[in-house]
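To start, the structure itself, in C-alpha cells.
The values are calculated or read from the model by the stated rules, or taken from the named source; none is laboratory data. What you see is a predicted model; the values in this text were computed from it and never measured. Cβ: placed from backbone, ideal geometry, glycine included. Neighbour counts: every protein chain shown.
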Amino acid sequence: MTGASPASTGLRPRRSVGWSLAFRFFYRIIRLVAPFVRSAVANGLPGVNGIVEIRTVGRRTGRRRRTLLTLLNHGGAWYIGHPNGAADWILNAEAAGWVDVEPAGAHGARHAVHRLPDGPERDAVIRATVRQQPFPANLLYRAALRHIAAVGVYDRLDPIDGLAIGETAASDGPAGKPAPMPPRREGDR
C-alpha cells in the first residue's frame with residue numbers, strides 16, 4: 001500500500017525498517033503461542049477480548065486457512081488488518097472476497113472483505129487498533145503508529161446476510177463473488 005500524504009492524514013506516515021523487523025519478530029512469537037491463545041479464546045479467559053479466528057481459503061491452493069487476530073470495531077463496523085503490510089492471510093481473504101468470523105456476530109459468520117484506501121476511515125481504524133489491541137500489543141502499535149500509517153493494510157468487513165460457515169450463496173461463481181468453503185481435508189490448518 002502506498003503511504004498517505006501528510007496532508008491527507010494526521011498520522012504522519014513514515015516507513016521504518018526497524019519497525020518492519022520488530023513486527024516480523026513479534027508475529028513469529030505469536031505463531032508459537034497461537035495454540036494457547038486459541039484455548040484461552042475458546043474457554044473465555046480474560047485478556048483475550050476481541051480476538052477471533054477468521055477462516056478463508058488460500059489464494060493458490062484453495063485449502064482452508066485460519067488466522068487468529070483482533071477484530072476491530074469502529075463506528076459499528078468490523079475491520080481486520082495487519083500493521084506491517086499485506087500478510088498472506090490478508091491476500092488470501094482479499095482474493096477469496098470473504099472471511100468467516102468465529103465466533104459469529106449478530107449478522108452471521110460470513111463477511112465480504114473490502115480494502116480501505118488511504119484516507120480518514122483507514123486513519124480512524126489505525127487509531128482504533130492502538131486502543132483495541134490487547135496488552136502488550138497495544139504498546140507496540142502505539143510506538144509504531146507512523147510506520148503502521150505508512151504500510152498497514154486494513155479491510156472493512158461487510159456482512160453477507162444469511163451465510164454461515166461452510167455455506168455459499170446461490171449467486172457464487174467466477175464473477176468475483178465469494179467462493180465456497182471447500183470440505184476440510186486431513187492436514188488442513
* Asked: Among the residues of the stretch 159-176, is there at least one that is at pLDDT below 95, surrounded by fewer than 14 Cβ atoms within 10 Å (Cβ to Cβ), touching a helix residue (DSSP H, G or I) at 6+ places or on another chain (Cβ under 8 Å) and not in a strand (DSSP E or B)?
  -> no
* Structure fact -> Restricted to the stretch 45-63 and to residues being aliphatic (A, V, I, L, M) and surrounded by 14 or more Cβ atoms within 10 Å (Cβ to Cβ), the residue nearest to Pro159 (Cα to Cα) is Ile54
* Residue ID - nearest to Arg28 (Cα to Cα), chosen from residues in the stretch 43-82 that are of a type in the set (Ser, Thr, Tyr) and outside any loop (DSSP other than H, G, I, E, B) -> Thr67
* Of Ala109, Ala95, Ala128, which residue is surrounded by fewer than 16 Cβ atoms within 10 Å (Cβ to Cβ), among the hydrophobic types (A, V, I, L, M, F, W, C) and either out of contact with any Phe, Trp or Tyr (no Cβ under 6 Å at 6 or more places or on another chain) or part of a loop (DSSP other than H, G, I, E, B) (or both)? -> Ala95
* **So Arg66, is it buried (at least 19 other Cβ atoms within 10 Å of the Cβ), over 23 Å from His147 (Cβ atoms) and within 15 Å of the chain's Cα centre (by Cα)** => no
* Structure fact -> Listed by first then second residue, the pairs whose first member lies in the stretch 23-40 and is of a type in the set (A, V, I, L, M), whose partner is at pLDDT below 75, with beta carbons under 7 Å and at least 6 positions apart or on separate chains, are Val37/Val48; Ala40/Val48
* Asked: Just one of the numbered conditions (1) closer than 19 Å to Ala128 by Cα; (2) surrounded by 12 or more Cβ atoms within 10 Å (Cβ to Cβ); (3) at pLDDT below 90 is not true of His74; which one?
  -> (3)
* **Subset tally (residues that are touching a strand residue (DSSP E or B) at 6+ places or on another chain (Cβ under 9 Å) and either hydrophobic (A, V, I, L, M, F, W, C) or at pLDDT below 75 (or both)) for the stretch 1-27** => 2
* To do: Please verify whether the stretch 28-35 includes one or more residues that are at pLDDT 75 or above and either surrounded by 16 or more Cβ atoms within 10 Å (Cβ to Cβ) or part of a loop (DSSP other than H, G, I, E, B) (or both).
  => no
